[in-house]
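The values are calculated or read from the model by the stated rules, or taken from the named source; none is laboratory data. For clarity, every value in this text was computed on a predicted model and none was experimentally measured. Cβ atoms come from the backbone with ideal geometry, glycine included; neighbour counts cover every protein chain shown. The protein model used for the area step is the full one, side chains on, heavy atoms only, and it has no ligands, DNA or RNA in it. Shrake-Rupley method; radii C 1.70, N 1.55, O 1.52, S 1.80 Å.
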Amino acid sequence: MTDGASSTTPGDRGVADSVPDRPGDGAAPWSAFGRLWTAGAISSLGDGIRLTALPLVAVSLTDDPLLISLVTVANWSPLLLSPLAGAWADLVDRRSLLIGIDIARAVVVLLLALSLATGTAGLAIVCVAAAAMGLGETVYVVAAQSFLPAVVDSSRLAAANGRLHIAQLVFRDSAGQPLGSVVFVAAAALPFLIDGVSFLLGAALLATIGRPGTTPSTARPAERGTTPRWRVLVADGARHVRSDRLLMSLAGMLGTLNFFMGAIGALEVLYVVQWLGLPEGAFGVFLAVGALGGIAGGLLNAPLSRAFGLFPAALAAMGLVGAATLAIGLVRQPLVAAASFAALFLGAAVYQSLTVSFRQAVTAPEKLGRVNGFYRLVGTGTIPLGALAGGAVAKLMQVNIPFVAAGVGILLLAALTTRPVLRMAAQQPDTAP
């Protein structure tokens with residue numbers, strides 16, 4: 001689940017431009033949010049291709065579930081550096097940081113493509129590349145979440161986050177992942193070459209977004225005369241989250257949820273190939289079917305929040321994630337499993353979009369980077385631990401058992417936290433999107 005964004009293509013501005021820029025930002029005919037959305041869509045297409053190809057590369061090198069899970073562990077371990085990423089996002093121009101990270105990720109993934117093309121890639125190299133990409137993703141997501149309120153009015157944050165999540169699901173999961181299976185069969189290096197090009201195109205689009213309104217609300221260090229130390233910013237972000245019972249509770253809930261999601265995410269390829277008995281080429285297609293539910297969730301999150309309230313809708317979505325995960329672990333019929341994945345993606349999209357929007361709305365813009373950084377440390381730093389646990393359980397037992405355990409765990413989490421969260425939310429001022 002992490003914490004991260006009408007059918008359309010990157011050239012179709014309709015979905016993105018239905019979310020207006022902040023008033024007074026001097027929006028061009030193609031809005032700043034439209035360009036941000038399109039850059040994300042292009043990068044997501046490349047990501048989908050790469051994310052399908054990475055586990056297929058691992059499976060081609062070993063069939064040990066624990067060793068395969070190390071790729072996921074390497075990818076998510078940099079989340080432990082989220083507080084530093086948040087401080088960085090508060091110290092520099094966030095748009096420039098996003099561009100720089102995209103260029104750096106392009107270099108890493110193109111080097112991996114070269115390694116695969118020359119036959120020098122082993123599991124260790126794949127893990128190193130996954131770790132480097134995970135580090136880039138950690139910084140990028142924190143900076144992007146902190147950058148969004150500069151181009152979108154606070155009343156539209158839920159809709160904007162939903163549109164970004166739809167772009168990810170359409171281009172990464174529905175289009176990129178099936179394409180990744182096909183491209184990998186053609187040439188192992190080709191998926192990573194395409195991903196590198198997508199990062200460069202995304203960086204070029206981000207560069208077209210004007211600077212006015214895109215920097216943190218406070219002046220940049222060079223303009224303030226004194227630069228806060230990183231440890232001061234990190235400590236301030238931690239203090240802000242820990243002093244807010246609701247934010248801290250949400251961070252802890254996300255951490256528990258992502259422990260379970262990490263456990264099953266590391267095993268999806270083995271679940272599809274071994275438990276369901278589908279060919280490797282069907283891995284991306286199977287996930288794409290599940291992603292359709294996520295697209296629905298990205299469209300429904302704002303209407304559900306208006307109809308039932310932000311937290312009732314988010315907590316119900318968490319319950320749906322748990323029920324769907326449990327069903328995945330109990331069934332062995334591909335069509336039923338695909339429908340359950342669709343329900344899982346739908347619930348995850350609603351929960352993620354609403355809780356991220358709430359955090360953006362209630363946090364001062366100048367502190368959003370450091371707050372996002374600490375929140376993501378608590379909320380997503382458990383993913384590598386979950387991936388290791390899932391791999392170990394699958395090795396000792398069967399590959400479906402981590403899905404069963406995760407489903408039960410998420411349902412218990414929803415049952416135990418619903419009343420306390422709703423009680424704390426009732427005491428909050430009405431600042432939610």
So what is the accessible area of the chain per residue, in Å², with the probe set to 1.4 Å? 37
Could you tell me the calculated FRET efficiency between GLN398 and ALA186, based on Cβ-Cβ distance and R0 = 35 angstrom, to the nearest 0.05? 0.60
What value, in deg cm²/dmol to 500, does the helix sum -39500 (n - 2.57) over DSSP H runs of n ≥ 4 give at 222 nm once divided by the residues of the chain? -24000 deg cm²/dmol
Taking 0.36 nm per residue of separation and subtracting the Cα-Cα distance, what length does fully extending VAL408 through SER243 add? 56.4 nm
Skipping prolines and chain starts, which residues have an amide H placed within reach, meaning under 5 Å, of the one on VAL152, given they are 5 or more residues away or on another chain? ARG22
What base-10 log of the normalised intensity I(q)/I(0) is obtained for the chain from the Debye formula, alpha carbons as equal point scatterers, at q = 0.11, 0.14 Å⁻¹? -0.78, -1.35
Given a Förster distance of 35 Å, report the FRET efficiency between THR418 and VAL336 from their Cβ-Cβ distance, rounded to the nearest 0.05. 0.80
How large is ³J(HN,Hα) for each residue in region 197-204, as worked out from phi by the Karplus curve 6.51 cos²θ - 1.76 cosθ + 1.60 (θ = phi - 60°), to whole Hz, x for Gly and Pro? 5, 5, 5, 5, 5, x, 5, 4
Is region 293-369 rounded, prolate or oblate when judged by the Cα gyration tensor, a ≥ b ≥ c being the square roots of its eigenvalues, rounded requiring a/c under 1.5 and prolate requiring a/b larger than b/c? prolate
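Quick one: with all protein chains in place, what share of the accessible area of the chain is carbon or sulfur, to the nearest percent (1.4 Å probe)?
On the way: 10950 of 16220 Å².
Heavy-atom surface of the chain belonging to carbon and sulfur, 1.4 Å probe: 67 percent.
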Name the shape class, rounded, prolate or oblate, that the alpha-carbon gyration tensor gives for region 127-175, where a ≥ b ≥ c are the square roots of its eigenvalues, rounded holds for a/c under 1.5, and otherwise prolate holds if a/b is larger than b/c and oblate otherwise. oblate
Alpha carbons only, please: Rg and Dmax for region 251-312, in angstrom. 15.6, 43
Simple SL model, points at 7 angstrom along Cα→Cβ for ALA207 and ALA364; separation in nm is 3.5
Using the Cβ atoms and a cut-off under 11 Å, what net charge is assigned to the surroundings of ALA39, where Lys and Arg are +1 and Asp and Glu are -1? +1
Based on the Cβ-Cβ distance of VAL232 and VAL107, what FRET efficiency does E = 1/(1 + (r/R0)^6) give at R0 = 35 Å, to the nearest 0.05? 0.65
Once both label points are put 7 Å beyond Cα along the C-beta direction, the GLN428-LEU67 separation in nm becomes 4.6
